[in-house]
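Here's the structure, in structure tokens; my notes come after.
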Amino acid sequence: MTRTGMFSESTWKPTRPTRPRYLPPHLRSPQNDNAAFLDNVAPELTRSRFYSPQPARTTRGRGRGRGPRFAARRNPNWEDEKFDELEVVDDTLEEANVANNLEAYEDIPVQASGDDIPPPVKTFDEINLGDGLKQNIRRCNYIKPTPIQRHAIPIAVAGRDLMACAQTGSGKTAAFCFPIISGVLKDPLAVTRRGGGVSTAACPLALILAPTRELSCQIYEESKKFAYKTGAQIAVAYGGTPIYQQLRRLEKGVDILVATPGRLVDIVERARVSLGMIKYLALDEADRMLDMGFEPQIRKIVEQMDMPPPGTRQTMLFSATFPDEIQRLASDFLSDYVFLAVGRVGSSTDLIVQRVELVQEMDKRNHLLDLLRSQRSNGTPHSKMFSMLNEVACHHHESSSSSTGSSGSQQISLCGLRAMPPLDTYMFKHADKEIPFYVLQHFLTLVFVETKKRADELERWLSRNGFPAIAMHGDKVQMEREQALRSFKCGATPILVATDVASRGLDIPHVAHVINFDMPKNIDDYVHRIGRTGRAGKCGLATAFFSDRNLSLAKSLAELMKESNQEVPTWLSQHAENYSAGSAGGWVRHDAVDFGGYDYRKGTASSSTHNNTYDVPATDGYYAAAAAAASVNDPTFLSSGDCYAESSNDDYLVADGMNPYAAAPYGYMYGYGSVIASGWD
Ligand SMILES: Nc1ncnc2c1ncn2[C@@H]1O[C@H](COP(=O)(O)OP(=O)(O)OP(=O)(O)O)[C@@H](O)[C@H]1O
């Protein structure tokens, strides 16, 4: 849809006269909002029976007189209790444990580049987020901010555009949701964003885009928790479900819209949503959203659908990976932005133990069976994993105790082992039968495969061999996809076989093991896939089946493992050497950067470790390479923005003849071969 002329281009103020008076969220009736909110809570998102020794409590369906009013009369804190029934962080943990698990992120170096960067905070209380939101943060058991939250929230609350990169599972969702919710709640605009008058278009103030339906739903559920009782109206729109239901919800008015790109375009083209009032735009998994698969749709949404331009709106891009060329592309959507990297861009957390096994294609199935069997042998499944996790905890203790000076035993208990769910059985009712869930079911295993067909085949094969599994991929109808995810989350089918549709963003508690049955096409996808475990400071295990077909990944995988303090098998190092020597270069990472992230601009680099901000000379990356290339008078060095790579079937490769100095800063090339990955929305 092109600009409709509803809004004046220069001011972006609405000119439409006949609309009901806008009621700011903080003045809206909390009762109404709560009612809508509670009604929307999906049953599966109430406190999981799986992790709770008690059956889930509910105030619904208990007959007359048992509704919210009744509950409120009997117990003035009923709403707090009601909130507790939602899926909060992790109900097996005490508050202190949650905070302590997050200690795991304390040592991560942080780099911020840009002008006048607002300083980070140590606590949520230091930021003016508003009382309602702060109360919900406490209800969510978010005792203290994670590093990405400490740095990103003040930047976003100050109204700055932001490109932020932080490890999987480190709390990026809250880092963009809190500033958005807080901004919406403080919005002084006395104009309507609701439907009415001559138009039925809803006019959200904030738009959050995500690449998959499940991730949109997850962000929606999370933001509802954060906005609980504040009056902020949040809606979700994603494909694969009837559009009319979503349209009806939008008619009621919306402040924050969470959407997948395809469904959003559809709704905007039907003139049911106007993007003309957008003040906040957030792209989760931003590198995925801006790669070849989604970029045209994102450009359409951002540049051709009435959305205020950069500088007028605030734009926030978040991901765990940010290849250079995507950063370059993304800068089209940003204005005077801050680049923030927690840890190295595209690296993985060392809370995830990574194992790589050399397995040929024909042996993969049997190898998987052996692995799964060893997990549940002796009634103490995952015993191997437990010892490995213990090693991680000890290792982590060693690295963190030197900087924190804490005692050993204390640190070990902080590193995730106590976060493991209790090892007992649980009775599950299915088709009128009580089925015991054995210990294994407490640990969920996520198996990634390359194609939808392979996912279905492996699901059947595993089930036939006594391992209840379910497949999730883009050929399944949405209901089946959601059912598969639910069944996995609650442990009914403790193995999920998925394509890349499940690789990004999904926060599934107690995924203890990620198996790359088929390796992904590029290292970024690997980082996201293994990031489904080892979240929020907990430990996890990732096993990769590496075959001859994956040689092009050897170098980047070995480098990633080294960066994350993992043991690299000798055979992999050998393959990495052979492959890089025998090819035009394969994958190249930021060899020149010795810590932190990588801002492709590199001009105004400043860096901070924890809370101390200081300048670092921009001697690495681009400038170092430029200097090196210039010193040898090398004509192959290309300036920023030039194309420096050639595509191949799988990955982008450094162009022949380019010298290593020139290649280094452009490192981390993106595997466009993977864009056609199955199952994206
Ligand atoms: N400050 C905090 N205190 C406690 N738990 C937190 C905090 N911030 C986030 N979490 C929890 O950490 C988990 C991971 O957070 P989130 O899903 O936002 O990670 P992410 O960085 O977006 O990961 P991904 O890169 O995979 O999308 C969630 O369960 C979330 O509730």
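Within the stretch 216-252, the residues that satisfy the criterion of being under 23 Å from residue 284 (Cα atoms), small (Gly, Ala, Ser) and away from the ligand (no atom under 13 Å from the Cβ) are 227, 232, 235, 237, 239, 240. Taking residue 195 as the residue in question, decide whether it is at pLDDT 95 or above, more than 16 Å from the ligand (Cβ to nearest atom) and not hydrophobic (A, V, I, L, M, F, W, C). For residue 195, the condition - at pLDDT 95 or above, more than 16 Å from the ligand (Cβ to nearest atom) and not hydrophobic (A, V, I, L, M, F, W, C) - is not met.
For the criterion of being more than 30 Å from residue 105 (Cα to Cα), in contact with a strand residue (DSSP E or B) (Cβ under 7 Å, 6 or more places away or on another chain) and crowded, with 18+ Cβ neighbours inside 10 Å, residue 255 passes.
Out of 470, 515, one residue alone is more than 22 Å from residue 538 (Cβ to Cβ) and either of a type outside the set (A, V, I, L, M, F, W, C) or part of a strand (DSSP E or B) (or both). It is 470. All of 275, 264 fail the test of being part of a helix (DSSP H, G or I), in contact with a strand residue (DSSP E or B) (Cβ under 7 Å, 6 or more places away or on another chain) and away from the ligand (no atom under 16 Å from the Cβ), apart from 264. Remark: residue 317 falls outside the filter, which requires a residue to be buried (at least 23 other Cβ atoms within 10 Å of the Cβ), within 19 Å of the chain's Cα centre (by Cα) and over 23 Å from residue 347 (Cβ atoms). Pairs, please: C-beta under 7 Å, at least 6 apart or cross-chain, first residue within 16 Å of residue 166 (Cβ to Cβ) and in the stretch 501-512, second of a type in the set (Val, Ile, Thr)? Cβ pairs passing all conditions: 504/212. Among the residues of the stretch 160-171, those that are near the ligand (Cβ under 8 Å from one of its atoms) and either touching a Cys at 6+ places or on another chain (Cβ under 9 Å) or assigned to a loop (DSSP other than H, G, I, E, B) (or both) comprise 167, 168, 169, 170, 171. Just to be sure, is residue 348 in a loop (DSSP other than H, G, I, E, B), modelled with pLDDT of 95 or more and either within 16 Å of the ligand (Cβ to nearest atom) or among the hydroxyl-bearing types (Ser, Thr, Tyr) (or both)? Criteria not met by residue 348.
Please go through the stretch 535-554 and give me each residue that is under 25 Å from the mean Cα position of the chain (by Cα) and charged (D, E, K, R), ordered by number. 535, 538, listed by residue number.
For (1) within 17 Å of residue 203 (Cα to Cα); (2) among the small types (Gly, Ala, Ser); (3) surrounded by 24 or more Cβ atoms within 10 Å (Cβ to Cβ), each residue gets a yes or a no:
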| residue | (1), (2), (3) |
| --- | --- |
| 266 | yes, no, no |
| 269 | yes, no, no |
| 278 | yes, no, yes |
| 291 | no, no, no |
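The residues of the stretch 510-565 that are over 22 Å from residue 367 (Cβ atoms), among the small types (Gly, Ala, Ser), more than 14 Å from the ligand (Cβ to nearest atom) and crowded, with 24+ Cβ neighbours inside 10 Å amount to a single one, 556. Just one of the listed residues (338, 342) is of a type outside the set (Gly, Ala, Ser), closer than 19 Å to residue 157 by Cβ, crowded, with 21+ Cβ neighbours inside 10 Å and at pLDDT below 95, namely 342.
The set of residues in the stretch 198-223 being of a type in the set (A, V, I, L, M), at pLDDT below 95 and buried (at least 18 other Cβ atoms within 10 Å of the Cβ) consists of 201, 202.
Restricting to the stretch 137-159, name every residue that is assigned to a helix (DSSP H, G or I), within 13 Å of the ligand (Cβ to nearest atom) and surrounded by fewer than 23 Cβ atoms within 10 Å (Cβ to Cβ). Hits for the stretch 137-159 are 137, 138, 139.
Assessment of the stretch 172-185 against the conditions (of a type in the set (Ser, Thr, Tyr), assigned to a loop (DSSP other than H, G, I, E, B) and either modelled with pLDDT of 95 or more or more than 16 Å from the ligand (Cβ to nearest atom) (or both)) yields no matching residue.
For residue 305, the test of being within 16 Å of the ligand (Cβ to nearest atom) and modelled with pLDDT of 95 or more is failed. Cβ-Cβ contacts under 6 Å between residues 6 or more apart (or on different chains), taken from a first residue in the stretch 268-283 that is closer than 25 Å to residue 156 by Cα to a second residue that is basic (Lys, Arg) and assigned to a loop (DSSP other than H, G, I, E, B), are listed as 277/193.
Of the residues that make up the stretch 546-554, is at least one outside any strand (DSSP E or B), in contact with a Phe, Trp or Tyr (Cβ under 6 Å, 6 or more places away or on another chain) and at pLDDT 90 or above? Yes, the stretch 546-554 has at least one match.
Give the residue that is nearest to the chain's Cα centre (by Cα), with candidates limited to residues of the stretch 202-242 that are in a loop (DSSP other than H, G, I, E, B) and among the hydroxyl-bearing types (Ser, Thr, Tyr). Here the residue is 212. Residue 507 falls short of the stated requirement of being within 14 Å of the ligand (Cβ to nearest atom) and closer than 25 Å to residue 575 by Cβ.
Of the set (1) more than 13 Å from the ligand (Cβ to nearest atom); (2) at pLDDT below 75, all apply to residue 88 but (1).
It is to be established whether one or more residues within the stretch 457-472 are in contact (Cβ under 8 Å) with a residue 40 or more places away in the chain and closer than 14 Å to residue 518 by Cα. Yes. For the stretch 485-502, the criterion of being under 16 Å from the mean Cα position of the chain (by Cα), farther than 22 Å from residue 360 by Cα, within 16 Å of the ligand (Cβ to nearest atom) and buried (at least 24 other Cβ atoms within 10 Å of the Cβ) is met by at least one residue.
The values are calculated or read from the model by the stated rules, or taken from the named source; none is laboratory data. As the structure is a computational prediction, the values presented were derived from the model and not from experiment. Reconstructed Cβ throughout: ideal geometry from the backbone, glycine too, with neighbour counts over all protein chains shown.
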